[in-house]
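Just below is one structure, and these are the notes that go with it.
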Amino acid sequence: MKSLGPTLQFVLAFCVILIVWQTVIVVFAPHPSLLPPPLAVARAFWGLLVSGELLVHTGVSLMRVFSAWIIAGCIAIPLGIAMGWSGRFERFANPFVEMFRPISPMAWIPMAILWFGINEPGKIFVVCIATFFPTLISTVAGVKRIDPVLVHAGQVLGCRSTASLLRKVVFPAALPAMVVGLRISFGTGWACIIAAELVAARSGLGYLIANGMEILRADTVLVGMVVIGILGVCVDAVFRFLGRRLAWGVT
Amino acid sequence: MSTSYGKPISVRGVAKTYPTHSGESIEALRPATLEIASGEFVVLVGPSGCGKSTLLNILAGFSKPSSGDAFVSGERISGPDIDRGMVFQSYALFPWRDVIGNVEFGLEQKGTAKRKRREIALHYLHMVGLRDFANKEVDELSGGMKQRVAIARAFATEPSIIFMDEPFGALDALTRRFLQHELLRMWQEHRKTIVFVTHSVPEAIYLADRVVVMTARPGAIKVILKVDLLHPRDVTSDAFRDIEREIYAELDEKLAKSMSSELSAAAVGSA
C-alpha cells in the first residue's frame, strides 16, 4: 500500500484534470483548434505513438537532457566538493558562480544559436547551464554539512592524504545531497530542453509542440505537453527512490 | 590475533590559545606537562572548558599546540595517524557502511587482504559482543551498540594508543557501567595506552591508573593522582570514596559543589 499511495494520488489528479477539461469542453464548446477534447488528444497520442514519431521525439529530448546532465554533473560535483572542502577555494570561486547563476539558462539560447547554430551542441550547452547550478549548490552544501567528527574518524583510521579522505569519507557522506542536486537539476534541465527546442530544433518534444502550433494542431501540442508532464513525474520518482536508499544524509 | 603493545606519550609544555574577534586571545590550555607510560590507562577529568578535549585533540593530531610539543615514543606528533585510534562521544560511525564495513574501514586503509579483513573485523565484533550484528545497518543499533562498534573499529587496526573523548557521555547509566567493564577487559588483554576524557569523577577513578585532574578558566592540569586499587574496583569502598573526596577537594569549591550535585545522581551508574 505504501508504494501504491503516491501513484494512486497521481492517477487521481490525472482523472480530476480530465474531468475539468471535459467539463470546459461541454460548457464553453471551444473550437477544436483552440482546445480539443481529451478524447481527440488521446487519438492524436495513439496516432503519433503508432507512427513512431512520438517515441523518436521523446527519445531525442531525453538523450539531450541526459547527456547535458551527465556533462554538467561531471564538472559540478568535483567543483562542488572542492568548494565545500576548501574555504579558500570557495571564496575564490563563489563570485564567479554567483554572477552566472542568476542568468536564466533560457537567456543563453540566443548565444547558443550564434555559436552552435541549431545543432545538438547548442541545446546541450543550454541544458548544461540549466543543470549545472542546482547540482553544484547542493554538492557544496552537502560537503559543508558533513560532521567534522566523521572526517576526524577517517583520519585516525588511515586516510592520510586529502584524496583518500575525499574518496572514502567526504564523497559518500555528501552523496545523498548530490543525488538531491542531480534530481532537481534533471527537472530544470527537462524544463529547459523544451524551451530550447521550441526556438531552434528539428526534433524533440519541444519541436513537436512548436510544429503543432504552426500547423494549428492543438491536439499535437497537448500530446507533447502531456508526455513532458508524465516523464517529468516518472524521472523524479526514480530519483526519489534512489534518494531513499541513500537515507543517511537525512539523519 | 597479534597484539601490539602501547607506546609512551610525552607532553611537554603543551599550551593552546585561540584568538577572539576583539583581537584578544583565550587561553584554552595552560602549558601542560605529562608523561604517560606505555600501556597506561590515563583519564583526564574536569569540568567543561578545562582544556581536556583540547589536549586530547592535540595528542590525536587534529590541532597544533600554540607552544610546546607532544611526542609518541620520542617522535613529535604532527598529524592524525592510524597508530593512534580514537573513540568519539558521538560514535562517528560511517552510516553508508554496515557494522562490519565500519570495523573494516581502517584495515582497508592498511591494505589488509579482504579475507583477513573480515576475519579480524569479526574477531573484534565478537569481542564487543556484536558478532551477530555484523551485517546490520548502523542506524538499526542503539547508542550503546554503536559505541561498541566504534570501540571494535578503533581496536581493529591495532593502534598502540587509543584516545577516548567522553565515549560513554551520551549513554544511559547501566549501559555506561557495562561498557566501562568491557573496556577494562579489552585494555587488560591488549595493553594499549589509553587516554580517556570524562567529566565524571567516579568514572575516572573506576578506570584509571592515573587521574589527571583539570580545572577551567584557564584550562590547566591541577593535580595528577595515582589510583592504586585492584580491578574490578568497588565504587562503594572506603578507598574509592577517599580518592573521590580528594579529587573533589582539588577542584574549585564552587565547581565541586555544582559537579557533585550533578554527579551524585549519575554516580551509581557511572562507575
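The values are calculated or read from the model by the stated rules, or taken from the named source; none is laboratory data. As the structure is a computational prediction, the values presented were derived from the model and not from experiment. Note that each Cβ is placed from the backbone with ideal geometry, even for glycine, and that neighbours are counted across all protein chains shown.
Given the criterion in contact with an Asp or Glu (Cβ under 8 Å, 6 or more places away or on another chain), assigned to a strand (DSSP E or B), touching a residue at least 60 places away in the same chain (Cβ under 8 Å) and not polar (S, T, N, Q), identify the matching residue among B:Val14, B:Val43.
Only one candidate passes the filter, namely B:Val43.
Search the range B:120-146 for residues being hydrophobic (A, V, I, L, M, F, W, C) and part of a loop (DSSP other than H, G, I, E, B), and hand back the single one that is nearest to the other protein chains (Cβ to nearest Cβ).
Among those residues, the one meeting the criterion is B:Leu141.
Please work out which residue is surrounded by the most Cβ atoms within 10 Å (Cβ to Cβ), limiting yourself to the range A:130-180 and to residues that are at the interface with chain B (Cβ under 9 Å from one of its Cβ atoms) and polar (S, T, N, Q).
A:Gln155
Select, from A:Val180, A:Val199, A:Val169, A:Val140, the only residue that is under 25 Å from B:Met86 (Cα atoms) and among the β-branched types (Val, Ile, Thr).
Step by step, each of A:Val180, A:Val199, A:Val169, A:Val140 is checked, and only A:Val169 is under 25 Å from B:Met86 (Cα atoms) and among the β-branched types (Val, Ile, Thr).
Spot the failing condition for B:Ala156; the list is (1) out of contact with any strand residue (DSSP E or B) (no Cβ under 8 Å at 6 or more places or on another chain); (2) surrounded by fewer than 19 Cβ atoms within 10 Å (Cβ to Cβ); (3) within 13 Å of chain A (Cβ to nearest Cβ), and only one is missed.
All conditions pass for B:Ala156, except number (2).
Could you tell me whether A:Cys74 is in a helix (DSSP H, G or I) and surrounded by 21 or more Cβ atoms within 10 Å (Cβ to Cβ)?
In short, no.
Would you say A:Gly232 is touching a helix residue (DSSP H, G or I) at 6+ places or on another chain (Cβ under 6 Å), farther than 28 Å from A:Gln9 by Cβ and of a type outside the set (Lys, Arg)?
No: the conditions fail for A:Gly232.
Would you please name the residue that is nearest to the chain's Cα centre (by Cα), looking only at residues in the range B:155-171 that are of a type in the set (A, V, I, L, M) and modelled with pLDDT of 95 or more?
B:Met164
Has the range B:172-179 got any residue that is surrounded by 24 or more Cβ atoms within 10 Å (Cβ to Cβ), of a type in the set (D, E, K, R) and in contact with a Gly (Cβ under 9 Å, 6 or more places away or on another chain)?
For the range B:172-179, residues surrounded by 24 or more Cβ atoms within 10 Å (Cβ to Cβ), of a type in the set (D, E, K, R) and in contact with a Gly (Cβ under 9 Å, 6 or more places away or on another chain): absent.
For the list (1) surrounded by fewer than 16 Cβ atoms within 10 Å (Cβ to Cβ); (2) among the charged types (D, E, K, R); (3) at pLDDT below 95, I need the number of the one condition that B:Glu35 fails.
Result: B:Glu35 fails condition (3) only.
Is there a residue in the range B:112-119 that is surrounded by fewer than 22 Cβ atoms within 10 Å (Cβ to Cβ), modelled with pLDDT of 95 or more, part of a strand (DSSP E or B) and more than 12 Å from every other protein chain (Cβ to nearest Cβ)?
no
Which residue is nearest to B:Phe168 (Cα to Cα), if the candidates are limited to the range B:104-129 and must be among the aliphatic types (A, V, I, L, M) and in contact with a Leu (Cβ under 8 Å, 6 or more places away or on another chain)?
B:Ala121
Given the conditions (1) farther than 20 Å from B:Ser73 by Cα; (2) without any contact (Cβ under 8 Å) to a residue 60 or more places away in the chain, report the number of the one that B:Glu35 does not fulfil.
Among (1) farther than 20 Å from B:Ser73 by Cα; (2) without any contact (Cβ under 8 Å) to a residue 60 or more places away in the chain, B:Glu35 violates only (1).
Among the residues of the range B:166-214, count how many are basic (Lys, Arg) and not in a loop (DSSP other than H, G, I, E, B).
Summing the residues that are basic (Lys, Arg) and not in a loop (DSSP other than H, G, I, E, B) in the range B:166-214 gives 4.
What single numbered condition from (1) of a type outside the set (Val, Ile, Thr); (2) surrounded by 17 or more Cβ atoms within 10 Å (Cβ to Cβ); (3) free of Cβ contacts under 8 Å to residues at least 24 places away in the same chain fails to hold for B:Arg185?
It is condition (2) that B:Arg185 fails.
Residue check: is B:Leu174 of a type outside the set (Lys, Arg) and at pLDDT below 95?
Yes; evaluated as a whole, the condition is true for this residue.
Would you check which residues across the range B:159-187 are within 14 Å of chain A (Cβ to nearest Cβ) and acidic (Asp, Glu) and list them?
Those that are within 14 Å of chain A (Cβ to nearest Cβ) and acidic (Asp, Glu): B:Asp165, B:Glu166.
Name the residues in the range A:32-58 that are over 23 Å from the mean Cα position of the chain (by Cα), part of a helix (DSSP H, G or I) and of a type in the set (A, V, I, L, M), would you?
Correct list: A:Leu39, A:Ala40, A:Val41, A:Ala42, A:Ala44, A:Leu48, A:Leu49, A:Val50.
Collect the residues in the range B:88-121 that are touching a Lys or Arg at 6+ places or on another chain (Cβ under 8 Å) and touching a residue at least 12 places away in the same chain (Cβ under 8 Å), keeping them in residue-number order.
Scanning the range B:88-121 gives B:Tyr91, B:Leu93, B:Asp98, B:Val99, B:Ile100, B:Asn102, B:Val103, B:Glu104, B:Phe105, B:Gly106, B:Leu107, B:Gln109.
Whether any residue in the range B:75-85 is under 21 Å from B:Arg191 (Cβ atoms) and among the small types (Gly, Ala, Ser) is what I want to check.
Yes, the range B:75-85 contains at least one residue that is under 21 Å from B:Arg191 (Cβ atoms) and among the small types (Gly, Ala, Ser).
Between residues in the range A:82-100 that are of a type in the set (S, T, N, Q) and residues that are surrounded by 12 or more Cβ atoms within 10 Å (Cβ to Cβ), which pairs lie under 8 Å by C-beta distance while being six or more apart or on different chains?
Cβ pairs passing all conditions: A:Asn94/A:Met83.
Could you list all residues from the range B:63-87 that are within 11 Å of chain A (Cβ to nearest Cβ) and crowded, with 19+ Cβ neighbours inside 10 Å?
Scanning the range B:63-87 gives B:Pro80, B:Asp81, B:Arg84, B:Gly85, B:Met86, B:Val87.
Looking only at the range A:98-107, decide whether some residue is in contact with a Ser or Thr (Cβ under 9 Å, 6 or more places away or on another chain) and not in a helix (DSSP H, G or I).
There is no residue in the range A:98-107 that is in contact with a Ser or Thr (Cβ under 9 Å, 6 or more places away or on another chain) and not in a helix (DSSP H, G or I).
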